[in-house]
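The structure appears below as structure tokens.
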Amino acid sequence: MADPSLTQPEAWSEIVMGNTAIVRAMAVSGTRVVTAYPGSPTPEIAEAISRIPAGERPFFFEFSTNEKVATEVAFGASINGHLACVFFKSVGLNVAADTFVQLSMMELVGGMVIVIGDDPGCNSSQNEQDNRHLARLCYTPVWEPMNPQEVHDMYLEAAAWSQAQRMPVILRLSTHVCHAKMRVRSAAFTPAQHDDTPRFDPAAGPYLPITKLVAPLKRRALEKLERTREKAETTPFLKVLPGAPGTRRGVITAGLPTASLLEVLEGVAPGLGVEGPPDVLRLGLVHPLPVRAVTDFLRSHDEVKILEELDDFLEQGIVAAAYREGLSCRIRGKEDREEWIGEYTPPKVREILHATWPDLIPSAAPATPGPSVDAPSPDVLSADVLSADVLSARAPQMCPGCGHRSAFHAIAQALAAEDITVADIGCHTLGFLPPYHMGQVLLCMGASCGIAAGLSLFQKSRRVVAFLGDSTFFHAGIPGVINALFNRHDFTLIVMENGTTAMTGHQAHAGSGENFNGPTQAISIKDLLVSLGATVCETDTYQQGKLTQLVREANEAGGFQVVIARHPCMLAHMRRETRKPGFVKRQVRILADKCDQRHVCVKRFGCPSFFLEPTGAVHVNADLCIGDGSCLQTCPSKAIAPPSAVPTKEEP
Ligand SMILES: Cc1ncc(C[n+]2csc(CCOP(=O)(O)OP(=O)(O)O)c2C)c(N)n1
């Protein structure tokens with residue numbers, strides 16, 4: 001749905017997610033180029049961008065082929081004078097790292113904001129890495145908002161600082177900050193008048209960090225970081241939130257833990273023998289550390305708890321600063337391994353505070369349910385509403401009709417029990433689940449070919465089969481494929497081609513025939529592989545018998561073989577179909593007289609549309625079945641009737 005208000009010059013006030021608020025800030029700040037690669041918790045930023053009507057978008061946006069390329073495109077735009085932004089998920093920084101670590105040494109004439117969606121709690125990632133470490137590695141400041149309003153406001157401050165200092169800056173979001181909703185207010189602004197005169201000037205750099213040239217560039221990066229420390233001391237986001245009068249206890253925190261802490265402290269009042277809530281020092285920038293503010297706070301308290309999600313990043317800096325100043329304040333850092341793990345939701349913060357100060361928080365359980373779960377205030381709708389506390393947990397699974405399911409079902413029949421399967425990242429990772437058990441190793445996007453190559457060395461008896469999604473093929477898969485050809489490795493690669501980046505919400509990729517802005521040339525994975533000299537065969541995955549045969553032949557042939565297992569993503573397909581006028585819903589039926597209850601449909605094919613009655617009878621879930629018919633061929637007794645139109649319910 002189009003939402004032109006995001007870019008309106010008049011003041012703006014809406015209840016939105018952090019991922020939408022940031023787009024408003026991009027428009028207000030005059031950001032000219034935005035790039036990304038999809039990954040949770042950030043893809044909704046692109047969804048918000050897509051709601052700005054084409055032609056009214058004040059900046060260029062693209063999904064690049066991966067995070068490294070996205071960072072390079074934004075960098076190129078910045079050194080040509082445009083304010084640029086790149087966004088991606090936590091582990092995206094690993095892919096971008098080789099480029100990212102150079103940026104602080106560059107004179108970023110237009111400014112550049114790097115928006116990272118970190119994922120404490122590992123809601124949708126393969127780890128919960130703390131990217132503050134990488135920021136320190138390359139002298140890059142980090143702003144850390146605690147809610148959507150701050151996402152908006154901090155973006156503006158960080159972008160302005162980046163422009164003024166010509167340095168990269170990080171706005172570090174996390175899952176709850178991206179997805180929480182609240183009323184966000186944005187002042188009126190004058191739309192930027194962009195000047196398209198090319199401004200790239202090699203002398204403004206230099207932009208060639210080699211050998212002896214590196215030292216002055218590094219010196220300049222360190223000077224900029226030191227200037228940013230002063231910014232960290234004076235930013236309005238740095239706040240002391242007073243606790244009980246005269247308290248000698250304090251908490252130093254930042255980002256989302258601040259919101260959880262304030263919620264937990266809400267119910268704490270001074271009582272008999274209890275001095276009441278501690279003072280809170282809330283940091284706006286977590287790197288570089290505002291040492292003056294921190295040491296002043298330590299000096300005025302006897303005991304200070306450092307409350308930070310994931311690693312002891314702030315703690316190390318704060319302890320070092322206290323040591324240098326010879327302070328006697330007792331610093332309470334991470335005291336339990338669990339403090340290193342997971343999201344700092346209000347229950348988690350309550351637990352930590354209870355362990356720290358049992359007199360202050362006598363029980364780890366709240367006296368009444370936390371407001372964010374049961375009674376969201378009208379202005380702040382927390383993502384906690386959708387947390388597992390409220391909804392029962394559901395096992396992840398492939399959608400009804402998913403071509404990957406047909407593929408796994410078919411491939412399972414071509415493999416020997418001892419064969420080794422290597423997974424990659426994408427919807428097809430779910431093949432590791434029962435009943436398929438396809439994928440015994442997994443690292444990160446594009447790693448399957450390299451791992452498979454290593455696994456196949458010095459052995460012939462166990463065939464190695466690697467999986468790779470099509471978006472991932474372009475993202476980081478190609479080098480592993482080329483390596484397999486170049487070094488004559490011996491495994492079968494199955495490219496799971498569904499035409500989209502399904503797992504992160506159907507973003508187009510280089511093989512889709514469209515990009516974010518419209519139609520484009522589709523790069524054929526098959527043609528690319530053939531041009532590289534690979535032996536390639538292909539089939540639609542719904543042709544299960546053929547796929548089994550192709551995988552069997554590939555495995556028997558030995559050497560590096562590629563099978564393309566293709567079927568369009570059915571979730572995307574059905575979304576398009578159901579919107580068409582005259583759409584007719586179709587479903588399969590079980591022919592009870594033919595069903596001999598071998599249950600292949602449930603136990604080996606595993607479509608969630610089928611369920612078993614206690615009697616052993618199989619039923620079709622009318623809410624789930626999409627009538628794709630991929631299940632028909634799996635039934636040995638032909639007891640599944642072809643999809644037929646489902647009568648629509650009578651309108652009342
Ligand atoms: C470095 C990195 N960037 C982004 C992601 C988020 N992500 C998870 S799977 C995936 C790609 C999935 O697309 P594809 O390979 O086509 O497989 P599909 O889900 O369509 O089966 C992405 C981008 C990630 N895990 N790691």
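The convex hull drawn around the Cα atoms of region 1-123, when projected onto a plane and averaged over every direction, covers 8.0 nm².
With R₀ set to 41 Å, the beta-carbon distance separating Gln397 from Glu514 gives a calculated FRET efficiency near 0.90. With 19 Å as the limit on Cα-Cα distance, the pairs of Lys89/Lys305; Lys68/Lys218; Lys68/Lys89 that go past it are Lys89/Lys305; Lys68/Lys218.
By DSSP, the beta bridges lying fully in region 499-586 are antiparallel in about 35 percent of cases. The stretch between Ala215 and Arg337, if pulled fully straight at 0.36 nm per residue, gains 40.0 nm over its current Cα-Cα span. Per residue, the chain reaches -9500 deg cm²/dmol at 222 nm when only DSSP H runs of four or more residues are counted, each adding -39500 (n - 2.57). Per-residue surface analysis assigns Cys537 an accessible area of about 40 Å², computed on protein heavy atoms at 1.4 Å probe radius. Peptides 187-198, 101-112, 82-93 ordered by packing proxy, namely the average of other Cβ atoms within 10 Å per residue, highest first: 82-93, 101-112, 187-198. Figure note: Ser456, Ser50 ranked by solvent-accessible area, largest first, 1.4 Å probe, ligands and nucleic acids not counted: Ser50, Ser456.
The largest accessible area among Arg32, Arg132 belongs to the first residue in Arg32, Arg132, and the rest follow in falling order (1.4 Å probe, all chains).
Counting protein heavy atoms only, the chain has 56 percent of its accessible area on carbon and sulfur, 1.4 angstrom probe. Spatially, region 549-596 and region 190-247 are offset by 52 Å when compared through their Cα centroids.
Annotation: peptides 512-522, 557-567, ranked by per-residue average of other Cβ atoms within 10 Å with the highest first, follow the order 557-567, 512-522.
Local charge for Ile318 was computed over the other residues whose Cβ lies under 10 Å away, with Lys and Arg +1 and Asp and Glu -1, and equals -3. His599 exposes around 30 Å² of accessible area when a 1.4 Å probe is run over every protein chain in place. Does region 492-634 classify as rounded, prolate or oblate by the C-alpha gyration tensor (a ≥ b ≥ c root eigenvalues; a/c under 1.5 gives rounded; else a/b over b/c gives prolate, otherwise oblate)? Oblate, since a/c reaches 1.5 and b/c is not below a/b. Calculate, in whole percent, how much of the Cα-Cα pair population of the chain lies beyond 40 Å. Value for the chain (Cα pairs over 40 Å): 39 percent. DSSP beta bridges fully contained in the chain are about 30 percent antiparallel.
Note on Cys444 and Glu230: their simple-model spin labels are 3.7 nm apart, each label 7 Å out from Cα toward Cβ. Of all beta bridges that DSSP places with both ends in region 239-356, some 25 percent have antiparallel geometry.
At 1.4 Å probe radius, can you tell me the per residue accessible area of region 175-226 in Å²? Let's see the in-between values first.
Working: 3410 Å² over 52 residues.
Accessible area per residue: 65 Å².
Report, as a whole number in µm² per second, the diffusion coefficient that Stokes-Einstein gives for region 4-234 at 25 °C and 0.890 mPa s using the Kirkwood radius over alpha carbon pairs. Approximately 140 µm²/s, per Stokes-Einstein. Report D for region 187-259 in µm² per second (integer): Stokes-Einstein, Kirkwood Rh on Cα pairs, 25 °C, 0.890 mPa s. Using the Kirkwood radius from Cα pairs, D works out to 138 µm²/s. Excluding ligands, DNA and RNA, the accessible surface per residue across region 403-573 is 41 Å² with a 1.4 Å probe. Inter-label distance, Ala203 to Gln126: 4.8 nm, where each label sits 7 Å from its Cα along the C-beta direction. Loop-located GluC sites (Glu not before Pro) in region 1-100 (DSSP state not H, G, I, E or B) with no more than 11 neighbouring Cβ atoms inside 10 Å: Glu10.
Ligands, DNA and RNA aside, Asp302 has an accessible area near 90 Å² when probed at 1.4 Å.
Ordering Thr31, Thr535 by accessible surface, largest first, gives Thr535, Thr31; the 1.4 Å probe counts only protein heavy atoms, with every chain in place.
Just so you know, the Rg over Rh for region 239-356 is 0.93, from Cα atoms, with Rh as the Kirkwood radius.
The values are calculated or read from the model by the stated rules, or taken from the named source; none is laboratory data. This one's a predicted model, so the numbers in the text were calculated from it and none came from an experiment. Cβ: placed from backbone, ideal geometry, glycine included. Neighbour counts: every protein chain shown. The protein model used for the area step is the full one, side chains on, heavy atoms only, and it has no ligands, DNA or RNA in it. Shrake-Rupley method; radii C 1.70, N 1.55, O 1.52, S 1.80 Å.
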